[in-house]
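Engineer: Please read through the structure below; I'll follow up with questions.
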Amino acid sequence: MSPEEKNGGPSHTIAVLVENKFGVLAKVASLFSARGYNIDSLSVGVTQDPTVSRITLVTRGDERVLEQIRKQLSKLIDTIKVMDMVKEETVQREMMLVKVSAPRRERAEILQIVEVFRARIVDLSAETLTIEITGDDGKIAAFLELLAPFGVKEIARTGKAALSRGPRTLKSVKS
Amino acid sequence: MEMTGAQIAIEELKAGGVEIAFGIPGGAIMPFYDDLLKANFKHILTRHEQGAAHMADGYARVSGKVAVVVATSGPGATNLITGLLTAQMDSVPLIAVTGQVATPMIGTDAFQEADIYGCSIPVTKYNWLVKDARQIQGVIREAIRVATTGRPGPVLVDIPKDIQTARTDYNPQAPAKGALPAVRQMPEADAKAIEKLMEALEQAERPVILAGAGIIKAGAAAELARFARHAKIPVINTLLGMGGFPGTDPLFLGMPGMHGTAYANFALCECDLLISLGARFDDRVTGKVSSFCPKAVIAHVDIDDAEIGKRVKTHIPVLGNVREVLHTLNRQVKPTERRAWLDQVEAWKRDYPLQYGWDGSIKPQYVIEQIQEITGGEGIYATGVGQHQMWAAQFLRFNEPRAFISSGGLGTMGYGLPASIGAKFGRPDKEVWLIDGDGSFAMTLVELATASMYNVPIRVAILNNAFLGMVRQWQELFFGKRYSHSHYPTNPDFAKIAEGYGVKGFSVRDVDQVRSVLEQAAEHDGPVVMDFHVNPEENVWPMVPAGAGNDEMQLAPPSPEDA
């Protein structure tokens, strides 16, 4: 199977609890490159337990590839737990900063879009606006599409964060 | 008490049951070597770090014990990579300890600095860079545990020079701190899955067992023999599974796949239940996956969940230790007759045996058969990689586990000589034979110096065809006989090279001398190299062409006059 075929298919969000220590991220990245899996986005941060980090990654593949990704992630020595973050059962958010061309005559229109999307202006200059927006994939994509005609100069995205809906948690069971 | 980091590492290795190290000193590992000497730790000085890694690998494969490989920073450490990946692919435990430049120098492109931590991530089961001498105790303990538990594998511990010399408090009795998450206890085999497997077996008319290296690593050979004989199931051994089932048993079908026996491949194609025990469906075994075991329900017992469903769709996945699973199965299995199926398998064995032609030249298969006769299958047999490796797997008959060592997954040419030296250290009570090719042998022959220095009595049989034989075979069959750079017309005189190293050498060109040279070698008190000038045109048969299904196996050369 070519890497393209391997990485076709729908995108999936996977949450991984790992030991919070030197080299773990390199090991996760090495696993993905060695086995030809793509990472669409990746975010890492420490959890309420400072010895544990949470990695949220977005990848693509059919069910077989996804099962391998889950199993290979679980096999990593530093992995505590792996969980599929199914869209309907989770809250998923990403934050994006976007710098858009905003000459005076177009500002009002941009501000209107910002308002509708409940985004925020966080910086402005004579020619540009920098906007902060939080949302799921769909919202961020729609927002970018609407800004495109004004000229998007630069974007920075955090990668996705995801939690299960309801009381369910991805508990770290450390021995 | 206060000790240096290096001393603590050595003490913990000893406490963990590690008895031997293979390696070469150099600048950044000198403090460790100084403490090795003071601790009177057994160490074998090699000529190349790759050789040291293969020695530790061979030692582990035959003894089930774990050895240490020691290398200095930079090139010493990077020379280990092939050996580490060889062990990783074949699930062999070993512990590499590498020197690193002193911590203040890390990241400055210092002399002999290599990011061996980064380099070794994809070739080890786990690795560490130790930045504080107080961590060494815990790291070495974890290293031994990670290497030897679950699915075994190589680990690497990188210790900067200043950490080796740093003094810190050491309490040998200190309790182990929180273990790494993945060094958990393996879950007990799923009873429901075993029940499903039993049901499938009761319904099956044509079951076959595919037994891999997992049988050997789990110490499950006795349980396997009981199970197969009781339920009357023919057993196929993968290359690395050889010895996991007695080669002399009537139920034994040899090796499957690309150069497997015809009857093993027929059995795979016709079976209605395949029970895979600690095998990972390597592409050389399955051939084209879509035509692998087309009529069978596939049950897969494995200790590594990631292997289940990786290449072949599994109907009955059983996660667990294969010895425990077999133990449970043996308590439930009922004796069966299965006459029709066993008659069919017998007929295949009778009608499609392994064979080779006879033309007065030295046939490589003949040399292997003679080694088998002389040793009675009681030795340990190592190989390099290529044609000779396939012939060894086809024509040797192993009576017990840990008798055959070969680089299966990575296919590392040059593995044989150092691995056989390591094997002799692991099992000094056994005769160790190396069946090698001239191409493989030349890659690591410098370790003859090690065999000579420690007088390691290995018997090296080079099946010398002056070709990279497997490459030549593929060129003959699939590249229009264009022998692009696979020929070594000026091979050295390997017997003379051996003599140069102080090793007994024989050069054999006459088929009538084969037997007597092997007998002399078997009696020799020290290492021996026998350079057999074999028929250079001999090919390995049967063969499943790369990418084809096992049902497309070719039994013999395309036209009879080539035979």
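Engineer: Any residue in the range A:61-79 that's assigned by TED's automatic domain parsing to the domain that holds A:Val44: show its pairings with residues that are of a type in the set (Asp, Glu) at Cβ separation under 6 Å, as long as the two are six or more apart or on different chains.
Structural biologist: A:Lys71/B:Asp305; A:Asp78/A:Glu19
Engineer: Output the residue which, of all residues in the range A:88-119 that are loosely packed, with under 14 Cβ neighbours inside 10 Å and closer than 21 Å to A:Ala162 by Cβ, is farthest from the other protein chains (Cβ to nearest Cβ).
Structural biologist: A:Arg118
Engineer: Given the criteria more than 26 Å from B:Gly278 (Cα to Cα) and in a loop (DSSP other than H, G, I, E, B), does B:Pro175 qualify?
Structural biologist: Yes: the conditions hold for B:Pro175.
Engineer: Cβ-Cβ below 9 Å, separation at least six or inter-chain, first residue in the range B:533-555 and over 16 Å from B:Ser361 (Cα atoms), second of a type in the set (Phe, Trp, Tyr) and not in a helix (DSSP H, G or I): which pairs?
Structural biologist: B:Trp541/B:Tyr356; B:Pro542/B:Tyr352; B:Gly549/B:Phe292; B:Asn550/B:Phe292; B:Gln554/B:Trp541; B:Leu555/B:Tyr352; B:Leu555/B:Trp541
Engineer: Also, I was wondering about something else. Determine whether the range B:126-134 contains at least one residue that is under 25 Å from B:Gly414 (Cβ atoms) and of a type in the set (A, V, I, L, M, F, W, C).
Structural biologist: Looking for residues that are under 25 Å from B:Gly414 (Cβ atoms) and of a type in the set (A, V, I, L, M, F, W, C), one finds none in the range B:126-134, hence no.
Engineer: Also, quick follow-up: Give me the pairs: first residue in the range B:50-67 and outside the structural domain of B:Pro418 (by TED's automatic domain parsing), second residue surrounded by 24 or more Cβ atoms within 10 Å (Cβ to Cβ) and charged (D, E, K, R), beta-carbon distance under 6 Å, and six or more apart or on different chains, which are they?
Structural biologist: Correct list of pairs: B:Gly51/B:Glu447.
Engineer: Restricting to the range A:18-45, name every residue that is under 8 Å from A:Ile55 (Cβ atoms) and within 13 Å of chain B (Cβ to nearest Cβ).
Structural biologist: Within the range A:18-45, A:Val18, A:Leu25, A:Val28 qualify.
Engineer: So which residues in the range B:120-146 are under 21 Å from B:Ala213 (Cβ atoms) and away from chain A (no Cβ under 11 Å), if there are any at all?
Structural biologist: B:Ile144
Engineer: Identify the residue in the range A:58-83 that is touching a His at 6+ places or on another chain (Cβ under 9 Å) and in a strand (DSSP E or B) and, among all such residues, is farthest from the other protein chains (Cβ to nearest Cβ).
Structural biologist: A:Val58
Engineer: Condition (residue is out of contact with any Gly (no Cβ under 8 Å at 6 or more places or on another chain), modelled with pLDDT of 95 or more, over 18 Å from B:Gly214 (Cβ atoms) and assigned to a helix (DSSP H, G or I)) applied to the range B:250-265: is it met by at least one residue?
Structural biologist: Yes, the range B:250-265 contains a residue that is out of contact with any Gly (no Cβ under 8 Å at 6 or more places or on another chain), modelled with pLDDT of 95 or more, over 18 Å from B:Gly214 (Cβ atoms) and assigned to a helix (DSSP H, G or I).
Engineer: For the subset of the range B:280-309 comprising residues that are in a loop (DSSP other than H, G, I, E, B), within 23 Å of B:Thr148 (Cα to Cα) and without any contact (Cβ under 8 Å) to a residue 60 or more places away in the chain, which member is nearest to the other protein chains (Cβ to nearest Cβ)?
Structural biologist: Ranking the qualifying residues of the range B:280-309, first place goes to B:Ile308.
Engineer: Given the conditions (1) at positive phi; (2) touching a residue at least 40 places away in the same chain (Cβ under 8 Å), and given that B:Asn40 satisfies all but one, which numbered condition is not satisfied?
Structural biologist: Here B:Asn40 clears every test but (2).
Engineer: Restrict the check to the range B:180-193 and report whether at least one residue is acidic (Asp, Glu), out of contact with any Asp or Glu (no Cβ under 9 Å at 6 or more places or on another chain) and modelled with pLDDT under 95.
Structural biologist: So far as the range B:180-193 goes, yes, one or more of its residues are acidic (Asp, Glu), out of contact with any Asp or Glu (no Cβ under 9 Å at 6 or more places or on another chain) and modelled with pLDDT under 95.
The values are calculated or read from the model by the stated rules, or taken from the named source; none is laboratory data. Values in this document were obtained by computation on a predicted structure and should not be read as measured data. Glycine gets a Cβ as well: all are built from the backbone with ideal geometry, and neighbour counts include every protein chain shown.
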